[in-house]
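K.L.:
First the structure, then my questions, so here it is.
Just so you know, all these numbers are worked out from the coordinates, no wet-lab data involved. Because the structure is predicted, anything quoted here is derived from the model rather than measured. Here the Cβ positions follow ideal geometry from the backbone for every residue, glycine too, while neighbour counts run over all protein chains shown.
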Amino acid sequence: MPALRILYLVGSAYNDFYCNLSRLYAQDCLAAMAEGSPYDFHIAYITPDGQWRFPHSLSREDIAIVEPIPLFSAIEFLTTQNIDIMIPQMFCIPGMTHYRALFDLLKIPYIGNTPDIMAVTAHKARTKAIVEAAGVKVPDGELLRQGDVPTIIPPVVIKPVTSDNSLGVTFVKEVADYDAALKKAFAYADEIIVESFIELGREVRCGILVKDGELVGLPLEEYLVDPDSKPIRIYADKLQQTEDGNLSLTSKDKSKSWIVDPSDPLTQKVQQIAKKCHKALGCRHYSLFDFRIDPKGQPWFLEAGLYCSFAPKSVISTMAKAAGISLNELLMTAINETLGSHKKLIA
């Protein structure tokens with residue numbers, strides 16, 4: 001039987017930051033899968049000018065020697081490649097929505113959630129409204145546009161509705177700090193959320209994996225926060241730029257994040273809430289959610305991050321490893337769920 005032909009969809013048509021972030025995760029995934037893999041891997045790399053490349057690797061050298069082609073030529077090429085499944089590794093909003101929709105039109109199945117679900121969860125306020133309607137506790141908040149005046153009394157957290165990795169996020173302690181925080185957030189989005197600050201507590205992430213149609217709660221990952229010195233996580237806690245211009249993952253420092261002991265009573269409580277979020281949002285294959293835990297042990301939903309790059313350092317991969325699920329097994333599970341559901345759809 002010929003090897004399964006897998007296409008990695010990498011890059012960003014939005015900006016250089018998301019393009020580099022995508023390449024960072026995809027490179028790690030390809031490196032991990034390079035030895036002894038039963039799959040035939042291919043790469044589609046999109047740059048902020050909207051051009052496509054099909055390099056042999058994601059090194060800057062290999063990308064540079066490949067001639068860029070426009071979308072219509074890329075579509076023609078893809079239709080001749082007999083791709084069995086695509087792994088989406090684009091983290092910008094167009095990558096999570098428009099480009100996934102393109103593969104729906106091409107009838108090439110892909111791992112992960114559909115464009116409509118990705119569009120909803122990319123908007124933090126809409127995501128909160130959906131999970132709250134399902135009975136999940138969320139912080140009080142309000143959605144603001146330019147010119148609107150906040151009515152929530154600090155302390156609050158201000159965040160752009162569509163940014164990831166804490167870009168534009170500020171913790172506001174006093175009313176006098178509102179203007180600077182609003183200006184910072186509006187630099188990243190036309191809409192922002194002002195959200196009541198949930199006292200610490202703890203901050204955790206919970207991943208859900210779909211296996212044989214059942215929802216499996218993965219071990220929690222906890223993040224370093226402190227009521228005085230680090231009340232919220234900021235961009236620098238997640239990413240940093242190296243001297244060569246590449247991005248690196250600061251959040252994988254074991255002093256800043258760790259896997260929670262599965263026997264911790266918090267684990268089962270958060271997993272049950274995460275499964276409720278997964279169902280409410282209509283997720284498939286996998287999902288990932290952030291929660292703030294108040295001093296009484298009550299979890300509060302913060303946001304959804306419905307992507308997995310299948311890189312060893314990816315959050316869901318890290319959680320799966322802690323549960324005894326290897327990277328290859330994780331990918332195989334996702335492939336089986338994807339191709340199984342695809343066959344049902346086209347039957």
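K.L.:
How far apart, in nanometres, would the label points at ILE75 and ASN15 be if each is projected 7 angstrom from Cα along the Cα-to-Cβ direction?
P.N.:
Result for the modelled spin labels: 2.8 nm.
K.L.:
While we're looking at this one, here's another question. Using the Kyte-Doolittle scale, which helices in the chain average at least 0.0 and also have C-alpha atoms spread 15 Å or more along the helix axis, with helices defined as whole DSSP H runs?
P.N.:
16-33, 327-346
K.L.:
With charges only on Cβ, +1 for K and R and -1 for D and E, what is the dipole size of the chain about its Cα centre, in debye, rounded to 20? Spell out each step's value before the answer.
P.N.:
Working: 35 positive and 42 negative charges, 156 e Å.
Using only the charged Cβ atoms, the result is roughly 760 debye.
K.L.:
I would also like to ask the following. Please report Rg over Rh for segment 140-196, where both radii come from the alpha carbon positions and Rh follows the Kirkwood definition.
P.N.:
When Rh is taken as the Kirkwood radius, the ratio is 0.90.
K.L.:
Let me ask another. Between the DSSP loop rule and a limit of at most 12 other Cβ atoms within 10 Å, which GluC sites (Glu not before Pro) in segment 92-176 are left?
P.N.:
Sparse-neighbourhood loop GluC sites (Glu not before Pro): GLU174.
K.L.:
In whole angstrom, note down how far apart the Cα centers of segment 88-140 and segment 11-86 are.
P.N.:
21 Å
K.L.:
So which of LYS183/LYS256; LYS137/LYS159; LYS128/LYS256; LYS279/LYS313; LYS275/LYS321 end up more than 24 Å apart by C-alpha? Display every interim value, and only then the final one.
P.N.:
Working: LYS183/LYS256 29 Å; LYS137/LYS159 18 Å; LYS128/LYS256 26 Å; LYS279/LYS313 26 Å; LYS275/LYS321 20 Å.
Cα-Cα > 24 Å for LYS183/LYS256; LYS128/LYS256; LYS279/LYS313; rest within.
K.L.:
Provide HIS278, HIS123 in ascending order of the number of other Cβ atoms located within 10 Å of each residue's Cβ, fewest first.
P.N.:
Values: HIS278 25, HIS123 17.
With the sparsest Cβ surroundings first, the list reads HIS123, HIS278.
K.L.:
Exactly which GluC sites (Glu not before Pro) in segment 22-127 are in a DSSP loop and have at most 16 other Cβ atoms within 10 Å? Could the numbers behind the result be given before it?
P.N.:
Details: sites: GLU35, GLU61, GLU76; in loops: GLU35.
Answer by residue number: GLU35.
K.L.:
Another question about this same structure. In whole angstrom, how far apart do the alpha carbon centroids of segment 168-196 and segment 204-218 sit?
P.N.:
Centre-to-centre distance over Cα atoms comes out at 33 Å.
K.L.:
Kirkwood Rh over alpha-carbon pairs of segment 288-329, then Stokes-Einstein at 25 °C and 0.890 mPa s: what D in µm² s⁻¹, rounded to an integer?
P.N.:
209 µm²/s
K.L.:
Still on this structure, I have one more. What is the mean projected area of the alpha carbon convex hull for segment 4-112, to one decimal in square nanometres?
P.N.:
6.3 nm²
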